Amino acid sequence: HRPVSSADIEFFASTGARIVHGERPLGSEYNTDHFGKYFGSTSVAVFPSTTDQVSRVLKHCNSNAIAVVTQGGNSGTAGGAMAQQGEIILSLRDMNKVRALDEVSGVLVADGGCVLEDLDNHVRSYGYIMPVDLGAKKKCMIGGNVSTS
């Protein structure tokens, strides 16, 4: 893979996604896992808020040999969300909207970046609970819960 250029950053910004970047690696919020055991070195984080933005960013990265590491709440225990070799971070933090809740069936439709505790608080107001309760519920995101549990 190749390093990210200023033209790449301009493209990411043109998608409407929020961008955090710097000359040096970003701070621990992006480059340290929940337990402080694994460390990354990325200097670019992209925060799409729509699936269209995700698609456009990933298409650009694929076409330009830019490596990507997805990141949610950084609550994992294996270091898989750490960008250690020049990858960009594609963070789901800004994809955090509840799209629908069927009040009869309890079926919830939510973005992958919704924090588990926030979802639990939302559905409780309708008499439901989230079917999973984790120690990291204040930080973990439903996308990671679904994809790894």
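Between Ser105 and Thr32, what is the label-point separation in nm under the 7 Å Cα-to-beta-carbon projection?
Placing both labels 7 Å beyond Cα along the Cβ direction yields 4.4 nm.
Each residue of the range 80-95 in order: what ³J(HN,Hα) in whole Hz does its phi give by Karplus 6.51 cos²θ - 1.76 cosθ + 1.60, θ = phi - 60°, with x for Gly and Pro?
x, 9, 9, 8, 10, 9, x, 5, 8, 9, 9, 8, 8, 4, 8, 9
What value in Å³ per residue do you get for the convex hull of the alpha-carbon atoms in the range 1-54?
Value for the range 1-54: 102 Å³ per residue.
Of all the accessible heavy-atom surface of the range 1-56, with the other protein chains kept in place and a 1.4 Å probe, what percent is carbon and sulfur? Please list the in-between numbers first.
Details: 1700 of 3260 Å².
So the carbon and sulfur contribution to the accessible surface is 52 percent.
Expressed as a rounded percentage, what relative contact order does the chain have, with Cα pairs under 8 Å and six or more residues apart?
Numbers: 258 pairs, mean separation 30.2, N = 149.
So the answer I get is 20 percent.
State the percentage of accessible surface on the range 72-149 attributable to carbon and sulfur atoms; use a 1.4 Å probe and exclude ligands, DNA and RNA.
51 percent
Considering only protein heavy atoms, what per residue accessible area in square angstrom results for the range 17-111 with a 1.4 angstrom probe?
Result: 54 Å² of accessible area for each residue.
Can you flag which of Lys37/Lys97; Lys59/Lys139; Lys37/Lys138; Lys37/Lys137; Lys37/Lys139; Lys97/Lys139 are past 22 Å Cα-Cα?
Table pairs above 22 Å Cα-Cα are Lys37/Lys97; Lys59/Lys139.
For Lys138 and Glu117 in one chain, what is 0.36 nm times their gap in residues minus the Cα-Cα distance, to one decimal in nm?
7.0 nm
Of (1) 30, 18, 11; (2) 39, 28, 14; (3) 31, 15, 13, which one was derived for semi-axes √(5λ) of the Cα gyration tensor in Å from the structure shown?
Calculated semi-axes √(5λ) of the Cα gyration tensor in Å: the matching label is (1).
Could you tell me the calculated FRET efficiency between Ser41 and Arg124, based on Cβ-Cβ distance and R0 = 41 angstrom, to the nearest 0.05?
0.55
Find, among the chymotrypsin sites (Phe, Trp or Tyr not before Pro) in the range 1-100, those assigned to loop by DSSP (not H, G, I, E, B) with at most 16 other beta-carbon atoms within 10 angstrom.
Phe35
The values are calculated or read from the model by the stated rules, or taken from the named source; none is laboratory data. This structure is a prediction, so every number in the text was calculated from the model and none was measured. Note that each Cβ is placed from the backbone with ideal geometry, even for glycine, and that neighbours are counted across all protein chains shown. Surface areas here come from the heavy atoms of the whole protein model, side chains and all, with no ligands, DNA or RNA. Shrake-Rupley method; radii C 1.70, N 1.55, O 1.52, S 1.80 Å.
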